[in-house]
Amino acid sequence: MRVGHVDGAGIGPYADGIQRVYTDVFSAPPWNEDPGTAALYAGRLASDAARTGFAAALALDDADAATGFATAWTTPDVFPAERSYGQVAAALGPDRVAAWLCGAVQVDEPAVAPTARGTGLGARLPAAVTDAAPDGRRRLLTSVHAEATPGFYAQVGRHRLPDTVPGRAGLAVLLGPRHPARARSAP
């Protein structure tokens with residue numbers, strides 16, 4: 001399994017494979033998303049590719065089929081309100097959002113196909129899209145309902161903020177291993 005970088009313009013040819021991996025991962029528990037949501041994600045991916053600082057990493061097998069992916073971009077200085085951003089802002093408050101999240105590289109929807117789990121891709125893919133994060137400022141969201149996921153990210157050096165993000169998704173904000181706010185965010 002090899003991991004390769006793709007910029008926004010180069011993501012298109014891999015969209016079907018990304019959509020397949022998304023379906024395999026996020027239609028299963030605990031996410032239980034409708035398989036049609038993967039098509040919405042594929043459509044959103046095209047607009048995400050135009051975001052400032054967009055990067056993608058793909059895990060490809062010997063036949064060039066996608067077995068995992070991670071995308072990332074720079075969180076804008078004006079923290080967005082759509083999707084789960086508003087919930088995160090409510091949990092952390094404007095000062096911590098501005099200091100800790102704005103300008104950080106955020107990983108969005110990393111996924112590894114069930115057939116490729118246990119190969120190290122879960123750590124390699126998010127790292128591949130955030131290695132260039134300024135001052136180590138990288139972050140991602142996950143759900144505490146994905147029981148193994150927060151523990152896995154802790155093992156690879158991510159730090160979970162203690163604040164509860166409101167909403168049924170049970171979101172947790174994770175800071176990267178070198179994020180400067182890690183020490184200030186300890187419970």
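The values are calculated or read from the model by the stated rules, or taken from the named source; none is laboratory data. Remember, it's a predicted structure, so these values are computed and weren't measured experimentally. Don't worry about glycine lacking a Cβ; one is built from the backbone with ideal geometry, like all the others, and counts go over all protein chains shown. What goes into the accessible areas is simple: the full protein's heavy atoms, side chains included, and nothing from ligands, DNA or RNA. Shrake-Rupley method; radii C 1.70, N 1.55, O 1.52, S 1.80 Å.
Taking a temperature of 10 °C and a viscosity of 1.306 mPa s, what whole-number D in µm²/s does Stokes-Einstein yield for the stretch 56-105 with Rh from Kirkwood over alpha carbon pairs?
Working: Rh = 12.7 Å.
This corresponds to a translational diffusion coefficient of 125 µm²/s.
Using only the Cα atoms, what convex hull volume per residue in Å³ does the stretch 32-187 have?
Convex hull volume per residue, Cα atoms: 123 Å³.
For ALA50 paired with ARG178, estimate the spin-label separation in nm (one decimal), with each label point 7 Å from Cα along the Cα-to-Cβ line.
Simple spin-label model gives 3.2 nm for this pair.
Could you work out the relative contact order of the stretch 7-146? I mean the mean sequence separation of Cα pairs under 8 Å and 6+ apart, divided by the number of residues, in percent.
26 percent
Over the stretch 96-187, what is the relative contact order in percent, taking alpha-carbon pairs closer than 8 angstrom and at least six residues apart?
Taking the mean separation of contacting Cα pairs over the length of the stretch 96-187, I get 28 percent.
Per residue, how much accessible area does the chain have with a 1.4 Å probe, in Å²?
Per-residue value: 47 Å².
Using Cα pairs closer than 8 Å and at least 6 residues apart in sequence, work out the relative contact order for the stretch 35-118, in percent.
It rounds to 30 percent for the stretch 35-118.
Across the stretch 150-161, in residue order, what do the Karplus-derived ³J(HN,Hα) couplings come to in whole Hz, using 6.51 cos²θ - 1.76 cosθ + 1.60 with θ = phi - 60° and x for Gly and Pro?
Karplus values, whole Hz, x for Gly and Pro: x, x, 4, 5, 5, 5, 9, x, 7, 10, 7, 5.
Given H placed on each backbone N at 1.01 Å, which residues far from PHE54 in sequence or on other chains put an amide H within less than 5 Å of it?
Result for PHE54 returns THR74.
Classify the stretch 134-187: rounded, prolate or oblate, from the alpha-carbon gyration tensor (a ≥ b ≥ c, eigenvalue square roots; a/c under 1.5 rounded; otherwise prolate if a/b is larger than b/c)?
prolate
If you take every residue apart from PRO126 with its C-beta less than 13 Å away from the C-beta of PRO126, what net charge results, scoring Lys and Arg +1 and Asp and Glu -1?
Residues near PRO126 contribute +1 overall.
For the chain, what does the helix formula give at 222 nm: sum of -39500 (n - 2.57) over DSSP H segments with n ≥ 4, over the residue count, nearest 500 deg cm²/dmol?
Taken over the chain, the calculation gives -8000 deg cm²/dmol.
With the convex hull built on the Cα atoms of the stretch 1-119, state its orientation-averaged projected area in nm².
So the mean shadow area of the Cα hull is 7.9 nm².
Would you mind computing Rg(Cα) / (2.2 N^0.38 Å) for the stretch 96-183, counting N as its residues?
Compactness ratio reported: 1.06.
Using only the Cα atoms, what convex hull volume per residue in Å³ does the stretch 20-64 have? Please list the in-between numbers first.
On the way: hull volume 4.5 nm³, N = 45.
With only Cα atoms used, the stretch 20-64 gives 100 Å³ per residue.
Could you sort PHE152, PHE26 by their accessible area in this structure, using a 1.4 Å probe and putting the largest first?
Descending order: PHE152, PHE26.
Can you give me the % of accessible surface on the chain that is carbon or sulfur? Probe 1.4 Å, all protein chains present, nothing else counted.
Values: 4800 of 8880 Å².
Within the chain, the accessible surface is 54 percent carbon and sulfur.
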